[in-house]
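Participant: So that we are looking at the same thing, I have put the structure below in structure tokens.
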Amino acid sequence: MATIGFIGLGNMGAPMAANLVKAGHKVLGYDINPATLRGLQEAGGTVAASAAEAAKVAEFVITMLPAGEHVREVWLHQGGLIEAVQAAKPLLIDCSTIDVESARAVTAAAVEAGLDMLDAPVSGGTVGAANATLTFMVGGSEPAFARGLPVLQAMGKNIFHAGGPGAGQAVKICNNMMLAINMVGVAEGFLLGQKLGLDWNKLHEITSTATSQSWALTSYCPAPGPVPAAPSNRGYAPGFMAALMLKDMKLSQAAAEATSSPTPLAAHALQFYQAVVDSGDGAKDFSVVFRWLAGQKRE
Ligand code: NAD
């Protein structure tokens, strides 16, 4: 069993770190938000005094941070993780969803320092994180992937090697772009169904086995009622925050711009999530786009 440094113990990081402890690993964790640290202790992990402290004796160092700027800050700044782990030479794994450019920049700095790094963003939400059923989309070299696989298997069910550095992030932003559009589609369907006099449970039961079936519909229905575990039944508490989905939509639009890819529906959906955030619901689950849409008038 390994010693693992885990930085970023938020909605996703906390349950992922807990699953590493459950699998028998020694986890040293750190987060700038002290409120998250008690959870790690309760799960059987050890709280470190800083990110460098958590990482420097570890064989694996995992980060689960909000965005590219945080990942660059934690890994690259003077006295940052790449410097801190020089002696122990752990495998570095960033599980945050960030831009491909930041992922490649951090990996390049790691490689220059003689370290192996994987970008390994996840899909499956907080439920997947809690149940260790996440999907990992991994970018990096074959040997680094083989080295990281047993650790990732303690947190997830489907672990894919997507390609070289940055390929995991590329898959992830395509995935989230499709999900964001799909969530708006499900929301529109349930709102129209309501206006047509349908019961949401009945609509859900039928469409779950029909051609509109999707994860947003069957596992995460944005209309309250049909899926008891969905954020829609707890006032849209996250889950996956709308502000983070907006971040991912911006990442996908920047990538689409850079590669001249036509993504008109994603561009439109982005405006919806922007409106949700502007209305003050950025810290709610992204499926709150349903409630925002319900408050709109047909033009
Ligand atoms: P979160 O905001 O709940 O957690 C991020 C944590 O990082 C916070 O606790 C914050 O205090 C900590 N942090 C920020 N800067 C730090 C620093 N410099 N040093 C140490 N800790 C620091 O976010 P989350 O929902 O856990 O998401 C994390 C990442 O996973 C994001 O990139 C998100 O896009 C991605 N993601 C989230 C979900 C989901 O359902 N929540 C699903 C898939 C992917």
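The values are calculated or read from the model by the stated rules, or taken from the named source; none is laboratory data. Treat the numbers as computed from the prediction; the structure is a model and nothing was measured. Every residue, glycine among them, receives a Cβ derived from its backbone with ideal geometry; neighbour counts consider all protein chains shown. What goes into the accessible areas is simple: the full protein's heavy atoms, side chains included, and nothing from ligands, DNA or RNA. Shrake-Rupley method; radii C 1.70, N 1.55, O 1.52, S 1.80 Å.
Participant: Which one is farthest from the ligand (Cβ to nearest atom) among residues in the stretch 127-143 that are touching a residue at least 40 places away in the same chain (Cβ under 8 Å) and open to solvent by 30 Å² or more (accessible area, probe 1.4 Å)? Show your work before the answer.
Facilitator: Restricting attention to the stretch 127-143, the residues satisfying the condition of being touching a residue at least 40 places away in the same chain (Cβ under 8 Å) are 127, 129-130, 132, 134, 136.
Among the residues that remain, those that are also open to solvent by 30 Å² or more (accessible area, probe 1.4 Å) are: 127, 130.
Values: Val127: 8, Ala130: 11 Å.
Checking each candidate, the answer is Ala130.
Participant: Of all residues in the stretch 255-299, count the ones that are open to solvent by 30 Å² or more (accessible area, probe 1.4 Å) and either modelled with pLDDT under 95 or among the charged types (D, E, K, R) (or both).
Facilitator: So the answer is 11.
Participant: What do you reckon, is Ala230 open to solvent by 50 Å² or more (accessible area, probe 1.4 Å) and within 16 Å of the ligand (Cβ to nearest atom)?
Facilitator: Numbers: open to solvent by 50 Å² or more (accessible area, probe 1.4 Å): no; within 16 Å of the ligand (Cβ to nearest atom): yes.
Criteria not met by Ala230.
Participant: Still on this structure, please answer the following. Go over the candidates Gly13, Gly39 one by one and state the one that is of a type outside the set (Asp, Glu) and open to solvent by less than 10 Å² (accessible area, probe 1.4 Å). Reasoning before the result, please.
Facilitator: Numbers: Gly39 fails: open to solvent by less than 10 Å² (accessible area, probe 1.4 Å).
Exactly one residue qualifies, and that residue is Gly13.
Participant: Out of Ala23, Ala55, I need the residue that is closer than 21 Å to Asn131 by Cα, more than 10 Å from the ligand (Cβ to nearest atom) and surrounded by 14 or more Cβ atoms within 10 Å (Cβ to Cβ). Which one? Break it down into steps so the answer makes sense when it comes.
Facilitator: Working: Ala55 fails: closer than 21 Å to Asn131 by Cα.
None of the other options fit; the residue is Ala23.
Participant: Only one of (1) within 12 Å of the ligand (Cβ to nearest atom); (2) open to solvent by less than 40 Å² (accessible area, probe 1.4 Å); (3) over 30 Å from Ala255 (Cα atoms) fails for Pro34. Which number is that?
Facilitator: For Pro34, the failing item is (2).
Participant: Could you tell me which of the residues Ala87, Ala146 is in a loop (DSSP other than H, G, I, E, B) and either surrounded by 24 or more Cβ atoms within 10 Å (Cβ to Cβ) or away from the ligand (no atom under 13 Å from the Cβ) (or both)?
Facilitator: After applying the criteria, what remains is Ala87.
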